[in-house]
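Comments concern the structure below.
Here, each number is a calculation from the coordinates, and none is a lab measurement. Only a predicted model underlies this, so the values are computations on that prediction, with no experimental measurement involved. Cβ atoms come from the backbone with ideal geometry, glycine included; neighbour counts cover every protein chain shown.
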Amino acid sequence: MKLIYIAGPFRGDVASNVNRAQNTGDELAKAGIAFICPHSNGSPHDFLDLPDEYWLSSTMEILRRCDAVMLVAGWQNSSGTRDEIKAAVADGKPVFKPNEIKECIDWAMCVNA
């Protein structure tokens, strides 16, 4: 089974950004696709107590272990997401834009077949 990394902004309107990422995960799960949503790692309290470098380096490690990236709306406004895209592309991983969730699902299903 392939594992999809959900990437998008966190800061700013945190509640909306987390909701969009989690909704993307819901769509993948309904299609039977495994995913990781870094937006759901820890609680909001955790984000206040740990330095940004921890979260940025840990999410990059999680990304390295995934097979593809699924972007969520607003990704263009996130320097962290842009760095994740660069890392994924450098590793030869496919990156799917928000309007390409069907393509992401099809890719994962085809690869799983």
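Over the chain, the pair-distance histogram of Cα-Cα distances with 5 Å bins from zero comes to 2, 12, 24, 26, 20, 10, 4, 1, 0 percent, rounded to whole numbers.
Counting lysine pairs in the chain whose alpha carbons fall under 18 angstrom apart, excluding pairs fewer than 8 residues apart on the same chain, gives 7.
Between CYS110 and ALA15, the contour length at 0.36 nm per residue exceeds the Cα-Cα span by 30.9 nm. Backbone N atoms of region 51-67 closer than 13 Å to the 7 Å Cα→Cβ label point of VAL89 are not found in any residue.
How tilted is helix 101-112 with respect to the longest principal axis of the chain? Cα atoms for both, answer in degrees (0 to 90, nearest 10). That helix lies at roughly 60 degrees to the long axis.
FRET efficiency for the pair GLU61 and LYS102, taken as 1/(1 + (r/R0)^6) with r the Cβ-Cβ distance and R0 = 25 Å, rounds to 0.30. The long axis of helix 79-90 is offset from the longest Cα principal axis of the chain by roughly 40 degrees.
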